[in-house]
Structures are given as structure tokens and as C-alpha cells.
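**Student:** Got a structure here, written out as C-alpha cells. Questions coming.
The values are calculated or read from the model by the stated rules, or taken from the named source; none is laboratory data. Predicted, not measured: the structure shown is a model, and the values here were computed from it. When we count neighbours, we look across all protein chains shown, and the Cβ atoms used for this are built from the backbone with ideal geometry, even at glycine. In case anyone asks, the SASA skips ligands and DNA or RNA and just uses the protein heavy atoms, side chains included. Shrake-Rupley method; radii C 1.70, N 1.55, O 1.52, S 1.80 Å.
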Amino acid sequence: MSFSDIHTPVLLERCVELLAPALAHPGAVLVDATEGMGGHSEALLERFPEVRLIGLDRDTDALRIAGERLARFGDRVTLVHTVYDGIAQAVASVGVSQIDGVLFDLGVSSLQLDEAARGFAYAQDAPLDMRMDQTAGTTAADIVATYGEGDLRRIFERYGEEKLAGRYARAIIAARAEAPIERTGRLVDILIAATPAAVQREGRGHPAKRVFQALRIEVNAELAVLDRAIPASMDLLRVGGRIVVMSYQSLEDRLVKRDFADASASTAPAGLPVELPEHAPRFRLLTKGAELAPDEERARNPRATPVRLRAAERVRDDRTRETA
């Protein structure tokens, strides 16, 4: 079985199109901040034979697969085991100071979803883990076992936007008093039992969907990491460099939208008759709002259905002024 059979990159051609102007020159450096199984990286390395890739991932299984997939590109590829908010340190560690392109494909990966034992999918019974980096950190079982009712409610509301957050938190507290909640199947049963029949008839999705999302985000500190990673990656881009970000839920997309809006806005004080160069935007937006996957791709690859893509290009470098 080939790698293309087990991994279909989302919006591949659009990502290539958006990054192309920044990568079509000798010595261009691309960072794939969410390397995964290497599908996007492979295509970009093929299309741009002089690009150097720095691939980041917190998942050691993903890095192993990406390493096998990209081995034919030799020393053009450097893979780094790190969370993507470590992008500046990762880039510096290989002797690079500025980059030409950066790609983020956020959320849980195909590898993590498809491997039942990782505990990301509520449709399959497995240990309640959800760590993207299985070498360290707190598991979802730890959170379910130790968080108080208020904290559980908070993360379900904030990270899952779950209307029944309080009800689900109380059900978990009651159930764990009887026996530890260590597997996804038991947690799903608890959530279903706590969901009113009328709500289940409304057809607003599986009762576990938003709770599992919230637990995954909490386990991996995804929003806090993203909040640091986007500005850090934009700071690394040289003039003409481009950033492409694919988000899969609204909380991620809001952070990306905010950072892009800030970077593409003038900082001139209100009422100033002429915009001075140092107040000009640092970036220009390459997409009008968030782009969706086309209908044919969503039909072919259901994981493309929720994607929201945004991209921007650096048009002004203020680093010299800041460090002078």
C-alpha cells in the first residue's frame, strides 16, 4: 500500500498555488509546522526541486512515517520533534534565520484518528489517551479523573462550545465515583445516558463529539500553542514569504483570523493625514475571508468538509527597525 492510499492531503493544490510565489527560487526554505504523514511536504518538494523543508511534529509516529515518505529527498529535509510553537527554536537549530513559507494543517491528523488505540475517536472503544505526543503529558483519562465539576464544565463550554456542559460534567463526576473512566467507550456511554432524549432527536450530532473535541484541545493545549505559534511563524517570514493555515473548527479559525487581521492592518494613529512607512501593514491577505474545500473534494475526502483556509504574504519587514 502506498502512502497516498492511507493519507489524502486536504486542499493540496490550493496550498501549492498559494505557496508557489514564495518558493520558486533557489534556496527557499519551507516549514511544514504540522508535518503529519508528509503529504503536503512531499508535493511541495516535488514541485519545487530547490526547496529545503523543515518539518515539525509532536507525534513521533507521524515523524517516522514522514521520514520514510520523504527519504528520497535526502538532505533537503530536516524533521524536528517539537510542538509548533517551538518553530523559532527549531528553525534556528538548523542554522536558518528567515523562511520563505510556512504551512499549518491544524487539528487531529488522519493518523491519530485512524489508529483506534490513540483514543481520539468516540466511535471506537480505546484507552482514553488523546495525546498527540505520546512520549509526555497528561491524558484525557487523567483529566476526567482529576478535574472538578467546574473545570470540566469550563473546558466543555470553552473548547467544545457544548450547551450541555454542566450536565455532562455532573454525569462524569457521578460515574467516576463508582469506577474509573479509563476508556472512550465508557465515556461515550456516560454522555449518551446524560443527554435528554429530546436533544438526541434534534439531530445536532453525536453527544460525545464536542466533549471529545474539548478534551483533546485541553490535553494538547492546542489553542494556547496556536496562539503563540502563528505570530512566531509570521515573524520568521522574509518579505515575500507566505503563510497558509488550515483550521478545522471555529476556535482555531478565530485565532488565525485575529492574527492575520492585526498583521494586515495599519498602525497609524487615528487622524494622521499621511500614513508613515513604519505604520504600513506588515502583511497582505491572500484570501477573501476563509476559503472552503470545493464540493468535489468534500465528496471525495470527508475530512475536508470542515476546513477553513486563510493565507497571507509578508510585504514589509520591521525587524531591522526594531533591532537597530
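**Student:** Rounded to the nearest 0.05, what FRET efficiency is calculated for residue 123 and residue 298 with R0 set to 25 Å and r the Cβ-Cβ distance? Before the final figure, lay out the partial values.
**Tutor:** Numbers: r = 20 Å, r/R0 = 0.79.
It comes out at approximately 0.80.
**Student:** Based on the Cβ-Cβ distance of residue 179 and residue 136, what FRET efficiency does E = 1/(1 + (r/R0)^6) give at R0 = 22 Å, to the nearest 0.05?
**Tutor:** Numbers: r = 27 Å, r/R0 = 1.23.
That pair, residue 179 with residue 136, gives E of 0.20.
**Student:** So if I place +1 on the C-beta of Lys and Arg and -1 on the C-beta of Asp and Glu, and nothing else carries charge, what would the dipole magnitude of segment 130-204 be about its Cα centre? I want it in debye, nearest 20. Spell out each step's value before the answer.
**Tutor:** Details: 12 positive and 11 negative charges, 43 e Å.
With only Lys, Arg, Asp and Glu charged at Cβ, the dipole is about 200 debye.
**Student:** Given a 1.4 Å probe, how much area per residue of the chain is accessible, in Å²? Don't skip to the answer; put the middle values down first.
**Tutor:** Values: 14790 Å² over 324 residues.
Result: 46 Å² of accessible area for each residue.
**Student:** I've got another one for you. For segment 162-319, list log₁₀ I(q)/I(0) at each q in 0.08, 0.10, 0.16 Å⁻¹, using the Debye formula over Cα point scatterers of equal strength and ignoring solvent, two decimals each.
**Tutor:** Rounded to two decimals, the profile gives -0.39, -0.57, -0.99.
**Student:** Hey, another quick one. In debye to the nearest 20, how big a dipole does the chain give about its Cα centre with +1 on each Lys and Arg Cβ and -1 on each Asp and Glu Cβ? Before the final figure, lay out each step's value.
**Tutor:** Working: 42 positive and 49 negative charges, 138 e Å.
It comes to approximately 660 debye.
**Student:** Which one, 257, 163, 209, has the greatest fluctuation when you compute a Gaussian network model over the chain with C-alpha springs under 10 angstrom?
**Tutor:** For the chain, modelled as a Gaussian network with Cα springs under 10 Å, the answer is 163.
**Student:** Let me ask something else about it. Would you please give the FRET efficiency between residue 47 and residue 235, computed as 1/(1 + (r/R0)^6) with r the Cβ-Cβ distance and R0 = 22 Å, to the nearest 0.05?
**Tutor:** Values: r = 26 Å, r/R0 = 1.19.
Once the sixth-power term is evaluated, E becomes 0.25.
**Student:** Tell me, in nm to one decimal, what length is gained between residue 264 and residue 81 on full extension, where the rule is 0.36 nm per residue of separation less the Cα-Cα distance? Please list the in-between numbers first.
**Tutor:** Working: separation 183, 0.36 × 183 = 65.88 nm, distance 3.11 nm.
Working it through step by step, the gained length comes to 62.8 nm.
**Student:** What do you get for Rg/Rh of the chain when both radii come from the Cα atoms and Rh is the Kirkwood radius?
**Tutor:** Working: Rg = 21.3 Å, Rh = 21.1 Å.
In the chain, Rg relative to Rh is 1.00.
**Student:** With the chain treated as a Gaussian network of Cα nodes joined by springs under 10 Å, which of 212, 260, 73 yields the largest mean-square fluctuation?
**Tutor:** It is 73.
**Student:** Between residue 8 and residue 149, what length in nm is gained on full extension when 0.36 nm per residue of separation is reduced by their alpha carbon distance?
**Tutor:** Details: separation 141, 0.36 × 141 = 50.76 nm, distance 3.93 nm.
Value of the extension gain: 46.8 nm.
**Student:** Given 0.36 nm per residue, what is the gain on full extension from residue 64 to residue 193 after removing their alpha carbon distance, in nm? Let's see the in-between values first.
**Tutor:** Working: separation 129, 0.36 × 129 = 46.44 nm, distance 3.98 nm.
Taking 0.36 nm per residue and subtracting the Cα distance, the gain is 42.5 nm.
**Student:** Under a straight-distance cross-link criterion of Cα-Cα below 19 Å, which lysines are reachable from residue 163, leaving out those fewer than 8 residues away in the same chain?
**Tutor:** Cα-Cα hits under 19 Å: 209.
**Student:** Can you list which of the trypsin sites (Lys or Arg not before Pro) found in segment 26-117 are DSSP loop residues with at most 10 other C-beta atoms within 10 Å? Display every interim value, and only then the final one.
**Tutor:** On the way: sites: 47, 52, 58, 64, 69, 72, 76; in loops: 58.
The qualifying sites: there are none.
**Student:** Sticking with the crude label model, points 7 Å out along Cα→Cβ, report the distance from residue 170 to residue 92 in nm, one decimal please.
**Tutor:** Taking the simple label geometry, residue 170 and residue 92 are separated by 5.1 nm.
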